[in-house]
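The values are calculated or read from the model by the stated rules, or taken from the named source; none is laboratory data. Just so it is clear, the model here is predicted, and its values are computed rather than measured. Note that each Cβ is placed from the backbone with ideal geometry, even for glycine, and that neighbours are counted across all protein chains shown.
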Amino acid sequence: MMKNVKTLALAVTAVSAMTVGTVQAEQYYGFANVSVNYLDWSDGTEDRSRDIQNGFGAKSDFVYLEIEGGAGYDWGDVYGFIDFENPTKMDWSGDQDDGSKAFRIAAKGSVAINIGETNWNAYGHIYSLTDSSGFYEQNVVLGVSYDINTDFGLWVKPFVGAHFAHNSAIGAGFNGGMAGWVLGYNFKLGGQDLMITNWNEIEFARADEYRGFCTSETCTGPGDDDFQNTNGKSWGLNGAVALWWNATSDVTFGIQYRYAEQKLGTAAYQNAMIFSAKYNF
């Protein structure tokens, strides 16, 4: 539990740092917001997540509150968020035996530090998820990223790195690699300020242990009848594509298509819609 508290503290610190300039660095941009969001899993996702694993990891719709921020300096970029999922159940008396309905805290912090005068960066991120049913997972990625900026409103930040995972069911260890990107495209339509964003993560060469867990002491791993195939294959896909409408300088509305494959505790494709309303500081 202490590891998750430290991770949450790290993300809080990162978000705070994003909104405050320093005398040592020139700040190019910065943003911060709070939002309320509703994630609606598709019926097929709920069925697959329930049937494939006999109820373990079954998906359930939920509301979450988010604090998010980011900033760019002459030395690099920082970003972070904290999510409070199922916030009405944060009184410690939630569904302890059903993680999909439990109170959860998810937090992420990332940093990209410029390498010389190039567009390359030393990149790292840490993500943590903890819920009141007792489950937790942390993911750390260390590698490089690259900045692509255009004059017509498109920006892309691809990355690749080594992946380390800490999971309450299996422990901690090296978990292959992760590659992905974050991109955005700002444009106007009918006089309205709009933006398309996409974040995408691809895990590869995963450790066998991370692909599931044994349900008996004699279980030998993948291929055994007693092996719970929660994350399935040696690769996994995770991401979302979104359309944002900046209704005013203070208020933004968004709709996101959330997707995952061999990830999030289900060895199958999963998809959801997320409806968001943000207040921008």
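Name every residue in segment 135-183 that is without any contact (Cβ under 8 Å) to a residue 24 or more places away in the chain, β-branched (Val, Ile, Thr) and in contact with a Gly (Cβ under 6 Å, 6 or more places away or on another chain), in order of residue number. If the condition is that a residue be without any contact (Cβ under 8 Å) to a residue 24 or more places away in the chain, β-branched (Val, Ile, Thr) and in contact with a Gly (Cβ under 6 Å, 6 or more places away or on another chain), then VAL160 is the only one that fits. When segment 134-152 is limited to residues that are crowded, with 18+ Cβ neighbours inside 10 Å and not acidic (Asp, Glu), the one that is farthest from GLY265 (Cα to Cα) turns out to be SER145.
Can you find a residue that is under 30 Å from ALA247 (Cβ atoms), at pLDDT below 95 and surrounded by fewer than 16 Cβ atoms within 10 Å (Cβ to Cβ) anywhere in segment 153-169?
Yes; the residues of segment 153-169 include at least one that is under 30 Å from ALA247 (Cβ atoms), at pLDDT below 95 and surrounded by fewer than 16 Cβ atoms within 10 Å (Cβ to Cβ).
Examine segment 20-32 for a residue that is at pLDDT 50 or above, in a helix (DSSP H, G or I) and surrounded by 15 or more Cβ atoms within 10 Å (Cβ to Cβ), and state whether such a residue exists. Taking every residue of segment 20-32 in turn, none turns out to be at pLDDT 50 or above, in a helix (DSSP H, G or I) and surrounded by 15 or more Cβ atoms within 10 Å (Cβ to Cβ). Of the residues making up segment 227-238, at least one is at pLDDT below 95 and hydroxyl-bearing (Ser, Thr, Tyr).
When you look at ILE126, is it more than 30 Å from SER100 (Cβ to Cβ) and among the hydrophobic types (A, V, I, L, M, F, W, C), yes or no? No.
Entry remark, segment 127-156: residues being assigned to a strand (DSSP E or B) and more than 23 Å from PHE204 (Cα to Cα) number 6 in total. Checking ALA169 against (1) in a strand (DSSP E or B); (2) closer than 30 Å to PHE62 by Cα, only one condition comes out false. Which one? Here ALA169 clears every test but (1).
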